[in-house]
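Take a look at the structure below.
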Amino acid sequence: MPGHALVLPGGSYRSHAPHEADPVADWLGSLGIPASVFRYPLGQPHPAAHAAVGARIADLRRAGVERVLLVGFSAGGHAAGLAALDAVVPTARPDAVILGYPVVSLTRHSHQGSSEVLLGGRDTDENRSALSLEARVTADAPPFFVFHSLDDEKVPVEHSLLLSEALRRERVAHELHLYPVGGHGCALGGPGVDWTAPCERWLRDGAWIEKTIPG
């Protein structure tokens with residue numbers, strides 16, 4: 001089992017959006033990437049979801065998976081990003097990450113729903129900073145592919161901009177794709193948000209998709 005993708009749907013850490021789950025796993029499967037949806041714990045403060053995602057990645061490693069790709073949307077994007085930037089154990093660190101309109105920061109432009117769940121009754125500046133992805137980036141972070149719409153009113157585009165700035169500062173390989181119109185929650189895309197095409201190229205470049213030899 002050389003590679004496997006884990007899909008983490010969004011939903012403010014209170015639900016799992018169906019359109020960001022199985023359809024995304026099916027798309028990855030159509031590219032030749034084995035994929036499954038991981039429905040992380042809901043409604044529980046940190047580190048419940050973080051620990052569960054890390055444990056699932058470690059389980060895949062023990063099962064013989066050599067490379068793990070995390071694909072997360074909105075709050076699921078936060079869970080995926082945190083797993084990549086603050087691995088529970090070394091074997092729980094993914095090899096690459098795809099984030100769609102992710103929740104990134106709990107200190108700037110904070111997403112209220114996700115923040116309330118993650119912080120529980122421990123809403124302090126220190127805890128908000130510890131759970132902000134832009135504050136966790138180090139030079140050994142895996143490659144990221146991030147996309148966001150400029151008109152997203154639920155999770156402002158500044159979240160992805162903050163993450164990209166931190167990744168660039170640490171010289172971490174990443175792509176950031178911004179779209180003028182698309183709102184929040186477009187999952188596999190739609191009019192004006194054709195993120196899957198550049199993402200497929202990114203996956204091919206990263207050897208996640210087997211390259212075909214012209215006949």
Within the range 80-102, the count of residues that are of a type in the set (A, V, I, L, M) and within 21 Å of G29 (Cβ to Cβ) comes to 5
Counting only residues that are among the aromatic types (F, W, Y) and part of a loop (DSSP other than H, G, I, E, B), the range 5-27 contains a total of 1
Going through (1) among the hydrophobic types (A, V, I, L, M, F, W, C); (2) in contact with a helix residue (DSSP H, G or I) (Cβ under 6 Å, 6 or more places away or on another chain); (3) over 25 Å from S164 (Cβ atoms); (4) open to solvent by less than 10 Å² (accessible area, probe 1.4 Å) one by one, A83 fails only at (3)
The condition of being under 14 Å from the mean Cα position of the chain (by Cα), open to solvent by 70 Å² or more (accessible area, probe 1.4 Å) and in contact (Cβ under 8 Å) with a residue 24 or more places away in the chain holds, among R108, R122, R93, R171, only for R93
Residues in the range 193-215: is at least one open to solvent by 30 Å² or more (accessible area, probe 1.4 Å), assigned to a strand (DSSP E or B), touching a strand residue (DSSP E or B) at 6+ places or on another chain (Cβ under 7 Å) and at pLDDT 95 or above?
no
When every residue in the range 1-25 that is open to solvent by 30 Å² or more (accessible area, probe 1.4 Å) and more than 26 Å from H111 (Cα to Cα) is compared, the one modelled with the lowest pLDDT is M1
Of S110, S164, the only residue that is of a type in the set (S, T, Y), within 30 Å of Q44 (Cβ to Cβ) and modelled with pLDDT of 95 or more is S164
Report task. Answer yes if at least one residue in the range 150-168 is part of a strand (DSSP E or B), under 14 Å from the mean Cα position of the chain (by Cα) and touching a residue at least 24 places away in the same chain (Cβ under 8 Å), and no otherwise. Result -> no
The condition of being aliphatic (A, V, I, L, M), out of contact with any Pro (no Cβ under 6 Å at 6 or more places or on another chain) and either crowded, with 21+ Cβ neighbours inside 10 Å or at pLDDT below 95 (or both) holds, among L70, L28, L42, only for L28
For the range 96-105, the count of residues that are in contact (Cβ under 8 Å) with a residue 60 or more places away in the chain and touching an Asp or Glu at 6+ places or on another chain (Cβ under 7 Å) equals 1
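The values are calculated or read from the model by the stated rules, or taken from the named source; none is laboratory data. Owing to the predicted nature of the structure, the values given are computational and were not obtained by experimental measurement. In this analysis, Cβ positions are derived from the backbone assuming ideal geometry, glycine residues included, and neighbour counts consider all displayed protein chains. Accessible surface areas use protein heavy atoms only, side chains included; no ligands, DNA or RNA. Shrake-Rupley method; radii C 1.70, N 1.55, O 1.52, S 1.80 Å.
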